[in-house]
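Data first, discussion second: the structure below is written as structure tokens.
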């Protein structure tokens, strides 16, 4: 055992012992350099049978926890592997296990149990959404810590495993008897997400009744056998969680979460009350029709699933109308799983296009909020973005969109947004998952953005010579080669075309001086008009807005004609109006 007062690894001072299990001892330690407390879990070689097997399990546990980021999971800080002992340094969780409160107070109030179960369900849903899914397998009151603020933390990942689609059954039988699902015992199949649903049901049973399923007779009765005052709806949930056949349980944590949030609606008394209301309402209808409609209505109400997991938040976001509510759901999804891309991409599009998808603006508040979300740190010391970067395909697409939206839609237009777009296009360009067309666009955007990022002249667009305007023309027109609406979304394609029109309108004289001919500019405007007309039916624009687009093409054609008429300057009015280049309609 570690000595109280000793210094481990030159920085962790052992303060006192705070827990002990069958294989390990847990100590409270202080990192005096950082002035922070940690928990140190010790497993000694001389105190454990089959130490090498246990050690491998501990290594697997730490490997799993290092890859996770959830507010109800502890973070692994350090691992110290000695000849005679194995030490895991992790977050110190202030509080007591649910097992402690069971022993102290007996059965717990059902309202508290439901709240704890929802938090646990949230954690399990997060674990199951990993790639590959992580199956916890040993949920029980002793492995759930209750903090003073009412929040829970799940500890002890020694039996967790990654789900393997090719496996027929588990190679080892781990878990706690009474809480473990039938498939956790040899020959009964592979454990999956439904295994954790069983163990959560068994944990709820113990918390609600005070009867430990790991003690004889190892059987779980309907909870109202022990306490008739308990909710019949909650009884149905526990029974469904603990069915022997996994196919008869809730099939995922999203379904279970919905049931927990609406357990009162499953109560017999509630159903009787609703039935009376229903019958009164339809008294004038034919009895047979009423009965059929009523049974269908109740069935639908009972079987509806609103997922309070990642997918649930994404789904719920589509059902609210305000941008603030929708953004809140996307942010909650991101915090549950910062590696998945849907939340980031949907939130980014929401910021730019608005809840009604009719806006085209990326303002300073929205860019600041997106930056804050990417930099958000959960229980660990890693940012959301660092997790997101693991998802190469999703992150590359996000980086590309961030660049495009900064370039075209950043508040105020001008060079600021375009220069801020450059690092995002460079990230997308360095990615390995974009298709060839989008990668080529990213490379061209990165080059053009670089012009704005290195403004060193008084010229508004950053081009100080005819030679550089020649490069600008080449890079700008290359962006519109081919049908870009097949590479980016229609709104972005329109913005790219509008940017080209605005730049010809603004810089026709500069392009002429760089050697661009009148025919080249006129042909580009004509081709652009054709492309925009092809896209007109695909975007929701009013006729008035569309007239403005056509007018801008006519204005640009006029400026080209002026540039080649012998006049070497542009009208002052046009120079003043040309500052806003974000293509907003």
(message) No solvent, one uniform scatterer per C-alpha: report log10 I(q)/I(0) for the stretch 66-111 via the Debye equation at q = 0.14, 0.15, 0.22 1/Å, two decimals.
(response) -0.59, -0.64, -0.87
(message) Taking the Cα centroid of the stretch 206-233 and of the stretch 11-45, what is the distance between the two, rounded to the nearest whole Å?
(response) 36 Å
(message) Shape verdict for the stretch 29-87, please, from the Cα gyration tensor: rounded (a/c under 1.5), prolate (a/b greater than b/c) or oblate.
(response) oblate
(request) Mind running the shape call on the stretch 305-390? Use the C-alpha gyration tensor, a ≥ b ≥ c as the square roots of the eigenvalues: rounded below 1.5 for a/c, prolate if a/b tops b/c, oblate otherwise. (result) oblate
(message) I'd like the Kirkwood hydrodynamic radius of the stretch 1-112, using the inverse of the mean 1/r over distinct C-alpha pairs, in Å.
(response) 15.4 Å
(request) Treat each spin label as a single point 7 Å out from the Cα along the C-beta direction, and report the residue 392 to residue 377 distance in nm. (result) 2.8 nm
(message) I'm a student and want to see the number: the projected area of the Cα convex hull of the stretch 63-153, averaged over all directions, in nm².
(response) 7.2 nm²
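May I ask for the Rg/Rh ratio of the stretch 101-151, computed from Cα atoms with Rh as the Kirkwood radius, given to two decimals?
Ratio of gyration radius to Kirkwood radius: 1.03.
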(request) Determine, from the Cβ-Cβ distance of residue 115 and residue 369 and an R0 of 25 Å, the FRET efficiency 1/(1 + (r/R0)^6), rounded to the nearest 0.05. (result) 0.25
(request) State log₁₀ I(q)/I(0) for the stretch 197-236 at q = 0.19, 0.32, 0.33, 0.34 Å⁻¹ as given by the Debye formula over alpha-carbon point scatterers of equal weight, solvent excluded. (result) -0.49, -1.24, -1.28, -1.31
(message) Whole percent per 10 Å bin, from 0 to the bin with the longest distance: what is P(r) over all C-alpha pairs of the stretch 338-448?
(response) 15, 45, 35, 5
(request) Classify the stretch 307-350 as rounded, prolate or oblate from the Cα gyration tensor: take a ≥ b ≥ c as the square roots of its eigenvalues, call it rounded if a/c is under 1.5, otherwise prolate when a/b beats b/c and oblate if not. (result) oblate
(request) Kindly state, to the nearest 0.05, the FRET efficiency for residue 215 paired with residue 349, given R0 = 51 Å and r defined as their beta-carbon distance. (result) 0.40
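Read-outs: derived from the displayed coordinates by stated rules, not from any lab. Fair warning: this is a prediction, and the values are worked out from it, not measured in the lab. Note that each Cβ is placed from the backbone with ideal geometry, even for glycine, and that neighbours are counted across all protein chains shown.
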